[in-house]
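The values are calculated or read from the model by the stated rules, or taken from the named source; none is laboratory data. Owing to the predicted nature of the structure, the values given are computational and were not obtained by experimental measurement. Backbone-built Cβ (ideal geometry, glycine too); neighbour counts: all protein chains shown. Only protein heavy atoms, including side chains, enter the accessible area calculation; ligands, DNA and RNA are left aside. Shrake-Rupley method; radii C 1.70, N 1.55, O 1.52, S 1.80 Å.
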Amino acid sequence: MTRRKVVVAGGAAVAAVGVGGGIAATANAGQTTSTGKGATAKAAGSTVEECYKLTSETTEGPYYIDADKIRRDITEDKEGIPMTLRIKVIDSESCKPVRNAAVDIWHCDALGIYSGYEDASTGGGGGGTPPSGTPSGVPSGTPTGSPPEGGGGVHEEPTDDERYLRGTWRTDKQGFVTFKTIFPGWYRGRCVHIHTKVHVNGEWTDAGYEGGNTCHTGQFFFDEESVLASAEVEPYSTSTTERTTLEADTIYDQSGTTGGLLKLKYKKDNIAKGVIGTITVGVDPEATNTGTDDPAQPGASASASAS
């Protein structure tokens, strides 16, 4: 068993309930549903075939901060396309929902910057010369140097106290957890993605969440159609960073839903109004998948490795 503990200051946990209570994952007329090339996604948990698939494990990345904020709305004051992310966690063998799991998500902002690591992130800046026309589906050149999360990085200690676009919440009786955030941007060497961890067999207390094991460490991905649409919207359109496509990404395994590809819904020709992302994550509750090969890292669920 691994150990982890979350400390919640004052009434933060109670306040988070109020923030998240208004989050809804309903689709409106005129929305576009997009699952991208190679996608196999259907309605979350709707097929036995999907139910019996373990979701792909990936590396944790250098920018993980162990369950720092117990909340469903992780947006803070960051600009970007509003996004509702609805995740269902199931036992991939029994198909039953995994209740009371602690689910972490974290991702960069619209310009590729991670909170806690603003000095270390190599985002797209903004305020420079916007890209002309629609971003191409293929990078215009080969990135030089090592990408910030490209298969060789190790965990880095935070460089600042910012914690936007990070949060942890518990799954309900049906295995669902919903977050309110923004559509992520991109940075050199990676396609657009959201990181996630699922912790089970622990205990929720007044202080947060303790104990248990990290049964899943993965990433959620976005199809090219939706990313190209987002690139037309400010502040994404001001990014001067070369974008890696989903097909060229070194972490996504090209397996569709099993690999973490989100099912996305948004209003046709107006993605700026908001996006709903859904996915079913199949896990083995008895497994330990921390996303790191280094058992010496303090706290298995808080340790890290590449990408």
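Quick notes on this structure:
- Qualifying residues in segment 270-284 (those that are assigned to a strand (DSSP E or B) and among the small types (Gly, Ala, Ser)) - the one farthest from PHE183 (Cα to Cα): GLY282
- Qualifying positions in segment 157-179 - out of contact with any Asp or Glu (no Cβ under 7 Å at 6 or more places or on another chain) and among the hydroxyl-bearing types (Ser, Thr, Tyr): THR171, THR178
- Hey, SER230 of a type in the set (Ser, Thr, Tyr) and either out of contact with any Phe, Trp or Tyr (no Cβ under 6 Å at 6 or more places or on another chain) or open to solvent by 30 Å² or more (accessible area, probe 1.4 Å) (or both) or not: no
- Residue in segment 152-170 that is of a type in the set (Ser, Thr, Tyr) and more than 19 Å from TYR114 (Cα to Cα) present: no
- Within segment 73-99, tally of residues that are under 28 Å from GLU162 (Cα atoms), open to solvent by 50 Å² or more (accessible area, probe 1.4 Å) and part of a loop (DSSP other than H, G, I, E, B): 4
- Residue in segment 214-226 that is open to solvent by less than 10 Å² (accessible area, probe 1.4 Å), part of a loop (DSSP other than H, G, I, E, B), touching a helix residue (DSSP H, G or I) at 6+ places or on another chain (Cβ under 9 Å) and modelled with pLDDT of 95 or more present: yes
- Condition check for TYR164: in contact (Cβ under 8 Å) with a residue 60 or more places away in the chain and part of a loop (DSSP other than H, G, I, E, B): yes
- Residue count for segment 258-269, restricted to those that are surrounded by 15 or more Cβ atoms within 10 Å (Cβ to Cβ) and either of a type in the set (Val, Ile, Thr) or not in a strand (DSSP E or B) (or both): 4.
- Filtering segment 194-212 to residues that are open to solvent by 10 Å² or more (accessible area, probe 1.4 Å) and small (Gly, Ala, Ser) leaves GLY202, ALA207.
- Residue list for segment 233-257, restricted to those being of a type in the set (Asp, Glu), within 20 Å of THR196 (Cα to Cα) and surrounded by fewer than 18 Cβ atoms within 10 Å (Cβ to Cβ): ASP253
- Among the residues of segment 163-193, those that are closer than 14 Å to ILE276 by Cβ, touching a Ser or Thr at 6+ places or on another chain (Cβ under 8 Å) and open to solvent by 10 Å² or more (accessible area, probe 1.4 Å) comprise THR178, LYS180.
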